[in-house]
Amino acid sequence: MRQCKGWSLVLLMLLGLRSLAQKLPTRDEGLFQMQIRDKSLFHDSSVIPDGAEISGYLFRDTPKRYYFVVEEDNTPLSVTVTPCDAPLEWKLTLQELPEESSGEGSGEPEPLDQQKQQVTVNEGTELFTYKGNDVESYVATSTPSGLYQLELLSTEKDSNFKVYTTTTPESDQPYPELPYDPRVDVTGLGRTTVTLAWKPTPTGFLMGQPVQYCVVINKEHNFKSMCAAEAKISAEDAFMLAPKPVRDFSPFDFVHFGFVPFENGFGKDRGLTSNKISRAYLAKPKMSDIQKLCIGNKNIYTVSDLKPDTQYYFDVFAVNSATNTSTAYVGTFARTKEEARQKILELKDGKVSDVFIKRKGTKFLRFAPVSSHQRVTLFVHSCLDAVQVQVRRDGKLLLSQNVEGVQQFQLRGKPKAKYQIRLRGSRKGASTLKVLTTTRPSSKQPFPSLPEDTRIKAFDKLRTCSSVTVAWLGTQDRNKYCIYRKEVADNYGEEQRRREQNQCVGPETRRKSEKVLCKYFHSPNLQKAVTTETITGLEPGKTYLLDVYVVGHSGHSVRYQSKLVKTRKYC
């Protein structure tokens, strides 16, 4: 019995602590619960409490030692070490200490410095060693009484770790138990989703302990512990560019680091008066490559918002909600499906193709001339909003620009060349286009030529109760122009007009009663390429929508911008 008391006395004197020694294997449960709730009691302490998981931090190549006492022989013992950031080397030894009395039999303990020196010199009996990043445990059903030392070392980098030690492993069971099949299965796979399933832990439904599951998703590798995943998440959250040394901080530095600049103070001292300048330095937050999602007690989960054709790693952890301890399932990985390959529209030489693009969508077209050619002419007619056109010849970019209305491009040819055309739709809504490619030189273009300004001008002073006078620009090419009118409500707005403003819809879709007239017009002098027309037979105080269509040689037509006019109510 004197030897058992000696172990406690040695530990107290060795560590210079009076209240932290644990009485093992029996303990005051009330006192223990109070102690583990008070984290300051164990912070930076070299004493490992019995039955509680502690967290620690290692500097690279700097070992750290922890101690605990087993006071009775034949005591079961379990020590579990969880590496977080990096692989660890750890060693468990049973220290051999001198008898508590001196050689002279005085019964007085040896000086503390002398005992420390003896512990340091005597390395003790090595019980277990491990090197790696797995969660590893030392388990013994019977251990001798004595002072135990746990030494940890990280040789790669500074690292976090966790340690759990208990002398009652059968009753404690701190970590959730894994099922007989601990694998995570992929049960569903899509372009942006992956469905996972796993067998539930027996800890929840058999032992009645509060257990939830957390899923970790990343693109690099699987994690062997929750703390390894959390260390990675913390590292990403804390990452930022450090300022150069010996640098005077400006308000921009504080904004870069996430602080709001002061309205009064250093901002004004440095002559900064505009908030716009500061906002320009705010970095756009980067989406993290690792996510942790705690989903309660369900054991099927679908991960969404993933990228197509990308490999992801998935880990599931069973977490004891009461103690925050966790156990890792055997993780898995999966590659999301590729984006559905869009059908490529083959363009024929000299033929007009109709193309429909969804809002913000993309369409691919290909033109492969069957004969040698010196030049390719590309016509693009955007019927609604502007679209982005990109053309490549055998992979080489030839042009990339936005197109609104009708536009013609001349592309230099090359023997046996193939042309890839990518069309990207508008953000406002769906897009409709007409596209034509040809290698045949021709004086007659399939689409009519247009002036730069396609507005219709109404002369307010020439308005009467039954007529309006309008004008529009022409070109040097002789084209056919047809003008149509339609009575609309007084509250007819821009949004309604935009929905009807499809330039590719020709006059053949209009009612005969809406037709005013058709005429041919051109002018060699662009400065004089203007025509006017007076539209009669209108009713007083009514609103009309006027449209002018210009028709090309091949019958393709383009509509000018519609014009709203209103006749006078009283004359």
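The values are calculated or read from the model by the stated rules, or taken from the named source; none is laboratory data. Keep in mind the model is a prediction, meaning the values are calculated, not measured. Don't worry about glycine lacking a Cβ; one is built from the backbone with ideal geometry, like all the others, and counts go over all protein chains shown. These accessible areas exclude ligands, DNA and RNA; they are computed on the full protein's heavy atoms, side chains included. Shrake-Rupley method; radii C 1.70, N 1.55, O 1.52, S 1.80 Å.
For region 48-65, a tally of residues being within 16 Å of T167 (Cα to Cα) and out of contact with any helix residue (DSSP H, G or I) (no Cβ under 6 Å at 6 or more places or on another chain) returns 5.
When only residues in region 387-397 that are part of a strand (DSSP E or B) and of a type outside the set (A, V, I, L, M, F, W, C) count, which is surrounded by the fewest Cβ atoms within 10 Å (Cβ to Cβ)? Quick ask: steps written out before the conclusion?
At the first step, the residues of region 387-397 found to be part of a strand (DSSP E or B) are 387-393, 396-397.
With of a type outside the set (A, V, I, L, M, F, W, C) added as a condition, the list becomes 388, 390, 392-393, 396.
Details: Q388: 15, Q390: 16, R392: 15, R393: 18, K396: 10.
Applying the filter and picking the extreme gives K396.
Among the candidates L152, L196, which residue alone is within 26 Å of A322 (Cβ to Cβ), open to solvent by less than 20 Å² (accessible area, probe 1.4 Å) and not acidic (D, E)? Even if it seems obvious, please write down each step before you answer.
Values: L152 fails: within 26 Å of A322 (Cβ to Cβ).
The match here is L196.
Within the option set S145, S137, S171, being at pLDDT below 90 and either open to solvent by 70 Å² or more (accessible area, probe 1.4 Å) or under 30 Å from Y313 (Cβ atoms) (or both) holds for one residue only, S171.
Filtering region 501-534 to residues that are open to solvent by 40 Å² or more (accessible area, probe 1.4 Å), in a helix (DSSP H, G or I) and either closer than 12 Å to D547 by Cα or modelled with pLDDT under 90 (or both) leaves E508, T509, L526, Q527, K528.
Suppose we filter region 170-228 for residues that are of a type in the set (A, V, I, L, M, F, W, C) and assigned to a loop (DSSP other than H, G, I, E, B); how many remain?
Here is the first cut: in region 170-228, the residues of a type in the set (A, V, I, L, M, F, W, C) are 178, 184, 186, 189, 194, 196-198, 205-207, 211, 214-217, 223, 226-228.
When the remaining residues are screened for being assigned to a loop (DSSP other than H, G, I, E, B), the result is 178, 184, 198, 206-207, 223.
Qualifying residue count, region 170-228: 6.
Would you pick out the residues in region 323-332 that are open to solvent by 20 Å² or more (accessible area, probe 1.4 Å) and of a type in the set (S, T, Y)?
Pass one, region 323-332, residues open to solvent by 20 Å² or more (accessible area, probe 1.4 Å): 323-324, 326-328, 330-332.
Of everything in region 323-332, those that are open to solvent by 20 Å² or more (accessible area, probe 1.4 Å) and of a type in the set (S, T, Y) turn out to be T323, S326, T327, T332.
Based on what the data block shows, is Q407 within 36 Å of the chain's Cα centre (by Cα) and assigned to a strand (DSSP E or B)? Considered against the rule, which asks whether it is within 36 Å of the chain's Cα centre (by Cα) and assigned to a strand (DSSP E or B), Q407 comes out as no.
Based on what the data block shows, is V565 buried (at least 16 other Cβ atoms within 10 Å of the Cβ), at pLDDT 85 or above and either of a type in the set (A, V, I, L, M, F, W, C) or not in a strand (DSSP E or B) (or both)? Considered against the rule, which asks whether it is buried (at least 16 other Cβ atoms within 10 Å of the Cβ), at pLDDT 85 or above and either of a type in the set (A, V, I, L, M, F, W, C) or not in a strand (DSSP E or B) (or both), V565 comes out as yes. Taking each residue of region 62-76 that is open to solvent by 60 Å² or more (accessible area, probe 1.4 Å) and looking for partners that are among the polar types (S, T, N, Q) with beta-carbon atoms closer than 6 Å, six or more apart or interchain, yields R65/Q149; E72/S145; D73/S145; N74/S142.
Looking only at region 357-375, how many residues end up being of a type in the set (A, V, I, L, M, F, W, C) and modelled with pLDDT of 90 or more? Walk me through how you get there before you give the answer.
Of region 357-375, the ones of a type in the set (A, V, I, L, M, F, W, C) are 357, 364-365, 367-368, 370.
Right, trim to modelled with pLDDT of 90 or more and you get 364-365, 367-368.
Going through region 357-375 one residue at a time, the tally reaches 4.
With the requirement that a residue be assigned to a strand (DSSP E or B) and either surrounded by fewer than 17 Cβ atoms within 10 Å (Cβ to Cβ) or without any contact (Cβ under 8 Å) to a residue 24 or more places away in the chain (or both), what does region 353-386 give you?
Of region 353-386, the ones assigned to a strand (DSSP E or B) are 353-357, 362-367, 375-386.
Scanning region 353-386 gives S353, D354, F356, T362, F364, R366, R375, A386.
Among the residues making up region 123-169, those that are under 41 Å from the mean Cα position of the chain (by Cα) and not in a strand (DSSP E or B) are N133, D134, V135, S154, T155, E156, K157, D158. Within region 309-322, how many residues are in a loop (DSSP other than H, G, I, E, B) and open to solvent by less than 40 Å² (accessible area, probe 1.4 Å)? Residues meeting the conditions: 1. So which residues in region 167-207 are closer than 30 Å to Y67 by Cα and of a type outside the set (S, T, Y)? Once the filter is applied, which keeps residues that are closer than 30 Å to Y67 by Cα and of a type outside the set (S, T, Y), region 167-207 yields P169, E170, D172, Q173, P174, P176, E177, L178.
May I ask you to verify whether R183 is open to solvent by 60 Å² or more (accessible area, probe 1.4 Å) and more than 17 Å from V215 (Cβ to Cβ)? Taking the combined requirement at face value, the residue does not satisfy it. Across region 79-99, the number of residues qualifying as out of contact with any Lys or Arg (no Cβ under 9 Å at 6 or more places or on another chain) and at pLDDT 90 or above comes to 5. Scanning region 437-458 finds one or more residues that are in contact with a Ser or Thr (Cβ under 9 Å, 6 or more places away or on another chain), hydroxyl-bearing (S, T, Y) and either at positive phi or crowded, with 20+ Cβ neighbours inside 10 Å (or both). Y419 passes every criterion in (1) open to solvent by 20 Å² or more (accessible area, probe 1.4 Å); (2) modelled with pLDDT of 90 or more apart from (1). State yes or no: is L153 at pLDDT 90 or above and farther than 26 Å from A231 by Cβ? Answer is no for this residue. Just one of the numbered conditions (1) open to solvent by 20 Å² or more (accessible area, probe 1.4 Å); (2) hydroxyl-bearing (S, T, Y); (3) modelled with pLDDT of 75 or more is not true of S250: (3).
Take the residues of region 333-349 that are under 30 Å from P415 (Cα atoms) and modelled with pLDDT of 85 or more: which is surrounded by the fewest Cβ atoms within 10 Å (Cβ to Cβ)? I'd like the intermediate steps shown before the answer.
Residues of region 333-349 that are under 30 Å from P415 (Cα atoms), as a first pass: 341-349.
Now drop any that are not modelled with pLDDT of 85 or more, which leaves 344-349.
Details: I344: 12, L345: 16, E346: 10, L347: 22, K348: 13, D349: 16.
The extreme case among them is E346.
Yes/no matrix, rows are residues, columns are (1) of a type outside the set (F, W, Y); (2) over 21 Å from P446 (Cα atoms):
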site: A471; (1), (2): yes, yes
site: R511; (1), (2): yes, yes
site: Y544; (1), (2): no, yes
site: G555; (1), (2): yes, no
